[in-house]
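Colleague: Next up is a structure, given as structure tokens.
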Amino acid sequence: MRAIVIGAGVGGYTAAIALRARGIDVEIYEAAPEQRTTGSGINVGSNGTAVLRNLGIELGTPLPGQALEQLEIRTHTGRSVRQLPLGSMSRTLGAPTIGISRNDLISLLRKAAGDCRVHFGAELSRFEVDGSAATAIFADGRSATADVLIGADGIRSAVRSQLAQTNPLIEYGYVCWSAAIPFTHPRLPSGLAAQYWGPGKRFDLVDIGGGNAYWWGTERLGIEAARTARGDQRTLLHAFDGWADEVLDAISHTPDAAIGAVPAQDRPLLQQWGSGPVTLLGDAAHPMLNSLGQASGAAIEDAWVLAQTLASTPDVANALRRYEQNRMARTLTMVRNARRRDRIEQLGNPLGCRMRTFALRYSPTTVLARPTLRAMRFEPSPTP
């Protein structure tokens, strides 16, 4: 069996690794002229690290990444509201939660993919299906044919655009800035993920090991302004004026060139991810807001289930539909929970913010931890 993966991101590389582990030949095609690099970071929950471990990939000391032990929610001025024992929660699930730079994670995955062929500068124009085969046709005239075509090309997926009759973006009117930088601070001890919730804004500061940290912050600007927003130190220092010292210090240590900016977006939920020998994976299938921190974890899960289903079901089309049915309910829950949490995090009303702080401070730990535990609970069956 041969498979084509469109997209050289976390989901695309994990799919290639998982498929190759089951004897399926894979080639990856990426629109960018070279491997995409960003200044951002990723939290990989227990669900994602459990899959990666089964594929022979470990994260964290001495490898890149930091096992996260504590999640602390703070007010925008830095006052502690609530702590959750993220480390013990992860150990209950049998795998760590890791904070890591996206570039380091991609490097590890690319290395684990071995001699898998990766073609850059391959922008997909369209695909064609002839019987049981799928042919990808690229903007530069190249084409490739395989038994399976997997769209792992993100929220702006060209594969999804051809599959779906309508493919509108849902826009939330705020921008997400992010960066991964060398940074230490007394209020960011090893293994801490700190979240600062303010009126209509949020800032996350996460230890990713080796004297480095990852941060991301939000600001509501309106749909049009969020689409075109660009990050720079001066803009962010103004946006987060009056916030905790460690927040302002992190921004002050971040060069303008290292700050990424993306609008908060997702898409309507699809009733079907594919047709014939074509399917979707990760953000191409179920893009979700950052608030749940599960975009990478869901894509890694998708890759595992897809490879397992293809290896155990002789007919490719039937295997892909089984994979989609298996994944839809769980990813639908993740997308909806990310939207629900986003509404809470981005509250701008002062009274609503005070009520939110009260609820965070006095709710039972089991209640606050339940959505995170549900999202991170995934047990991959052993590789044959």
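Colleague: Could you work out the relative contact order of region 251-361? I mean the mean sequence separation of Cα pairs under 8 Å and 6+ apart, divided by the number of residues, in percent. Show your work: numbers first, answer last.
Modeller: Values: 88 pairs, mean separation 29.5, N = 111.
Over region 251-361, the number comes to 27 percent.
Colleague: How many Å² of accessible area per residue for the chain, probe 1.4 Å?
Modeller: On the way: 16230 Å² over 384 residues.
Normalised by residue count, the accessible surface of the chain is 42 Å².
Colleague: Given charges of +1 on the Cβ of Lys and Arg and -1 on the Cβ of Asp and Glu, with all other atoms neutral, how large is the dipole of the chain about its Cα centre, in debye to the nearest 20? Intermediate values should be presented prior to the final figure.
Modeller: Values: 40 positive and 35 negative charges, 262 e Å.
Here the chain has a charge dipole of around 1260 debye.
Colleague: Under 1.5 on a/c is rounded, so check that first for the chain, then, if it is not, pick prolate when a/b is larger than b/c and oblate when it is not; a ≥ b ≥ c are the square roots of the alpha carbon gyration tensor eigenvalues.
Modeller: Numbers: a/c = 1.76, a/b = 1.60, b/c = 1.10.
Prolate, because a/c is 1.5 or more and a/b exceeds b/c.
Colleague: Here is a follow-up. Give me the percent of accessible area attributable to carbon and sulfur for the chain, probe 1.4 angstrom. It would help to have the intermediate numbers written out before the result.
Modeller: Details: 8310 of 16230 Å².
Carbon with sulfur: 51 percent of the solvent-accessible area.
Colleague: Please sort by residue number the GluC sites (Glu not before Pro) in region 1-51 whose DSSP state is loop and whose Cβ has at most 10 other Cβ atoms within 10 Å. Mind showing how you got there, number by number?
Modeller: Working: sites: Glu27, Glu30, Glu34; in loops: Glu30, Glu34.
Answer by residue number: Glu34.
Colleague: Okay, moving on. Could you tally the net charge around Pro364, taking each other residue with its Cβ under 14 Å from the Cβ of Pro364, Lys/Arg +1 and Asp/Glu -1? Walk me through the intermediate numbers first.
Modeller: Values: positive: Arg82, Arg361, Arg370; negative: none.
Cβ neighbours under 14 Å give a net charge of +3.
Colleague: Let me ask something additional. Using only the C-alpha atoms of region 75-139, find the volume of their convex hull and express it per residue in Å³.
Modeller: Hull volume normalised by residue count: 254 Å³.
Colleague: Then there's this: Taking just the C-alpha trace of region 148-260, give me its Rg and Dmax in Å.
Modeller: Expressed in Å, the Cα Rg and Dmax of region 148-260 come to 16.9, 53.
Colleague: Place a point 7 Å from the Cα of Thr75 along the Cα-to-Cβ direction; which residues of region 341-384 have their backbone N under 15 Å from it?
Modeller: Within reach of a label on Thr75: 350-362.
Colleague: Sorted by packing (mean other beta-carbon atoms within 10 Å per residue), highest first, where do 365-374, 202-211 land?
Modeller: Details: 365-374: 14.1, 202-211: 22.0.
Those peptides, ordered most packed to least, come out 202-211, 365-374.
Colleague: What is the magnitude of the charge dipole of region 46-184 about its Cα centre, with +1 placed on the Cβ of each Lys and Arg, -1 on the Cβ of each Asp and Glu, and no other charges, expressed in debye to the nearest 20? Show your work: numbers first, answer last.
Modeller: Numbers: 13 positive and 12 negative charges, 102 e Å.
That gives region 46-184 a dipole magnitude of about 480 debye.
Colleague: In what sequence, highest mean first, do 348-354, 88-94 appear when ranked by Cβ atoms within 10 angstrom? Present the calculation step by step, with values, prior to reporting the outcome.
Modeller: Values: 348-354: 11.6, 88-94: 16.0.
Top to bottom by mean Cβ count within 10 Å: 88-94, 348-354.
Colleague: Give the relative contact order (percent, whole number) for the chain; include only Cα pairs under 8 Å separated by 6+ residues. Intermediate values should be presented prior to the final figure.
Modeller: Details: 842 pairs, mean separation 86.7, N = 384.
With pairs under 8 Å counted, the relative contact order is 23 percent.
Colleague: Over region 1-153, calculate the relative contact order: mean separation of alpha carbon pairs under 8 Å at least 6 apart, over the residue count, as a percent. Please list the in-between numbers first.
Modeller: Numbers: 291 pairs, mean separation 52.3, N = 153.
Relative contact order comes out at 34 percent.
Colleague: Sticking with this structure for a sec: Testing the spin-label approximation: label points 7 Å from Cα along Cα→Cβ at Arg142 and Asn349. State their distance in nm.
Modeller: Label at Arg142, label at Asn349, 5.3 nm between them.
Colleague: OK, next. If I model region 187-330 as equal point scatterers sitting on the Cα atoms and use the Debye formula, what is log10 I(q)/I(0) at q = 0.12, 0.15, 0.19 Å⁻¹?
Modeller: -0.67, -0.86, -1.09
Colleague: What order, most packed first, do the peptides 146-154, 320-328, 332-340 have when packing is the mean number of other Cβ atoms within 10 Å of each residue? Let's see the in-between values first.
Modeller: Working: 146-154: 26.3, 320-328: 19.2, 332-340: 17.4.
So the order, starting with the most tightly packed, is 146-154, 320-328, 332-340.
Colleague: Under a no-solvent Debye model with one identical scatterer per Cα of region 56-103, what's log10 I(q)/I(0) at q = 0.20, 0.26, 0.27, 0.32 Å⁻¹?
Modeller: -0.75, -0.95, -0.97, -1.10
Colleague: Say R0 is 22 Å: what FRET efficiency, to the nearest 0.05, do Thr333 and Gln271 get from their beta-carbon distance? Could you put the intermediate results ahead of the total?
Modeller: Working: r = 16 Å, r/R0 = 0.72.
It comes to 0.90.
Colleague: From the residues Pro168, Ala122, Gly217, which one has its Cα farthest along the dipole of region 97-217 in the positive direction, the dipole being from +1 and -1 charges on Cβ of Lys/Arg and Asp/Glu about the Cα centre?
Modeller: The Cα lying farthest towards the positive end belongs to Gly217.
The values are calculated or read from the model by the stated rules, or taken from the named source; none is laboratory data. In this text, all values refer to a predicted model and were calculated from it rather than measured experimentally. Positions of Cβ are generated from backbone atoms using ideal geometry, with glycine treated the same way; all protein chains shown enter the neighbour counts. Each accessible area value is taken on the protein alone, full model and side chains, heavy atoms only, with ligands, DNA and RNA left out. Shrake-Rupley method; radii C 1.70, N 1.55, O 1.52, S 1.80 Å.
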